[in-house]
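The values are calculated or read from the model by the stated rules, or taken from the named source; none is laboratory data. Model, not experiment: these values are computed from the prediction. Cβ atoms come from the backbone with ideal geometry, glycine included; neighbour counts cover every protein chain shown. The protein model used for the area step is the full one, side chains on, heavy atoms only, and it has no ligands, DNA or RNA in it. Shrake-Rupley method; radii C 1.70, N 1.55, O 1.52, S 1.80 Å.
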Amino acid sequence: MGERRAAEELAASWDCLTTDGFHRSLTEFLVANSGLPGPRGNLMLAAEFSRLIARDWAAKRGLLKGLIVSWSSSGDEYLMFVAHSAIGHVLSCNPEEMDWAVPILYEANFSPLWRAREGVTFALEALLEDRADLALSLIDKWCKPRDPIVVRNSIVALAHPTQLRRNHAQLDALKRYNDVGMEMVAKAIDPGDGVKILAKSLGFTISVAAEADEGYLDEFEIWIDRNVKVWRAILRENLTKARIAKKYPARIEVLLMRLG
């Protein structure tokens, strides 16, 4: 079944699948239509689940909360992704659920399964769309210990071009945690997987901030002049992104020449 067809089938069968005693059928349906194993999971199906769970939370809270809690610890990569993504939509409409939902979401940052971790970025994106103040406060709190994976997940969630254009606080947060990330990769003596993943994500999040604010290109000059080896590849990757190369061609050409 294709992605769109599976999402439509979920919506059509939702009332039946969320009736007491049928939650196992819902779990089986999602697993069967996850797109895994394969190159990508079924994002459309996950998005439809998030929409439906947010819509019906008040009426079916007990069942739906039970599913999220169960799936988040299931060890199934797709179910964990769906559960973590859905938490963002639940919190967008029901901030009173923070006591149990936020700890699950925070711990998901450290899952050994990358799709489960990616569910955190989807959840934060949903929160940034509807409850930006809450999302930004969580990001600030979570990033205080300077864990590279948490910083990485935060900058990826923050780097949403449409949101950045209308939310200066989100843009400021992206700049701030890009800076934090750059310092972390520079200071890492023996970079582990977390630092490597952070460095890879910095390879695009910096250009997203620059696309939203040309003044951020001044930061590129500072980084180039500091001549930190690990930064050079990150900066080159960003400077070749079409989003800024086309928008600021003359400035980008100068920066590339300066980078060497």
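Note on LYS144: lysines with a C-alpha under 19 Å away, same-chain residues under 8 apart excluded, are LYS175, LYS187.
Within the range 130-209, what whole-number % of the accessible surface is contributed by carbon and sulfur, with the 1.4 Å probe and all protein chains included in the calculation? Present the calculation step by step, with values, prior to reporting the outcome.
On the way: 1840 of 3530 Å².
Here carbon and sulfur together make up 52 percent of the probe-accessible area.
By the helix-only formula, in which each DSSP H run with n ≥ 4 contributes -39500 (n - 2.57) and the sum is divided by residues, the chain has a 222 nm mean residue ellipticity of -24500 deg cm²/dmol. Axis angle, to the nearest 10 degrees, between helix 23-32 and the longest C-alpha principal axis of the chain: 50 degrees.
One decimal place: the segment LYS200-SER25 gains 59.2 nm when fully extended, by the rule 0.36 nm per residue minus the C-alpha distance. Computed from Cα positions, the angle between helix 57-72 and the longest principal axis of the chain comes to roughly 70 degrees. Of the residues ALA7, CYS143, VAL228, the one whose Cα sits farthest toward the positive end of the charge dipole of the chain, with +1 on the Cβ of Lys and Arg and -1 on the Cβ of Asp and Glu, is VAL228.
With an 8 Å Cα cut-off and a minimum separation of 6 or more residues, compute the relative contact order for the range 42-171 in percent.
On the way: 142 pairs, mean separation 25.9, N = 130.
Reported as a whole number, the value is 20 percent.
Put simply, the convex hull of the Cα atoms in the range 47-121 casts, on average, a shadow of 4.2 nm². Here the spin labels are modelled as points 7 Å beyond Cα on the Cα-Cβ line, and at CYS16 and ASP172 they lie 5.2 nm apart. Taking label positions 7 Å along the Cα-Cβ direction at both ARG226 and LYS246, the computed distance is 3.1 nm, reported to one decimal. Other residues lying with their Cβ under 13 Å from the Cβ of GLU48 contribute a combined charge of 0, Lys and Arg counting +1, Asp and Glu -1.
Rounded if a/c is under 1.5, else prolate if a/b beats b/c, else oblate: with a ≥ b ≥ c from the C-alpha gyration tensor eigenvalues square-rooted, which is the range 89-208? Spell out each step's value before the answer.
Values: a/c = 1.96, a/b = 1.29, b/c = 1.52.
Because a/c hits 1.5 or more and a/b fails to exceed b/c, the range 89-208 counts as oblate.
Only one of (1) 14.5; (2) 23.5; (3) 13.2 was calculated from the structure for mean projected area of the Cα convex hull in nm², and its label is (1). Accessible area of TRP114 (1.4 Å probe, protein heavy atoms only, ligands and nucleic acids ignored): about 130 Å². Counting pairs of alpha carbon atoms under 8 Å apart in space and at least six apart in sequence, what relative contact order in percent does the chain give? Relative contact order for the chain comes out at 11 percent.
With all protein chains kept in place, the per residue accessible area of the chain amounts to 47 square angstrom at a probe of 1.4 angstrom. The angle separating the long axis of helix 148-158 from the principal Cα axis of greatest extent in the chain is about 80 degrees. Taking a ≥ b ≥ c as the square roots of the eigenvalues of the Cα gyration tensor, an a/c ratio of 1.5 or more together with a/b no larger than b/c marks the range 137-234 as oblate.
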